[in-house]
Amino acid sequence: MDDGTGRLLSCAVGRYTPRLLPSARTIAANVGEIVSVATDPDHRRNGYAHACTTAVMSWLAEHDVSDVRLRASPDGRPLYEGMGFEVITDVFMSWRPPPAT
């Protein structure tokens, strides 16, 4: 979203991947993820993140996605819970190659 001058106020990025194995919860062909939602600090709490997230969710639905995941910041969590996202228990892990010696 922009403010009419071309200045970016908020954006959301989503992606989907093919579901490789069936799920007991859905027969949708793809699994979705909202990778990033960002809003200019001066324009938060104006509905921009909600509008951008809704647009990404619609785009994902058009691509046969019914499961969508995201990682919410503490500030963003109430927004996503209000949109119907549920908190799940998971473990976030990261791997990096060892430094060259």
Nearest-5 percent of antiparallel DSSP beta bridges in the chain? 65
Kindly state, to the nearest 0.05, the FRET efficiency for residue 72 paired with residue 5, given R0 = 25 Å and r defined as their beta-carbon distance. 0.25
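None of the figures in this text is laboratory data; all of them are computed from the coordinates on show. All of these numbers come straight from a predicted model, not from anything done at the bench. FYI the Cβ positions are ideal-geometry reconstructions off the backbone, even for glycines, and counts take in every protein chain you see.
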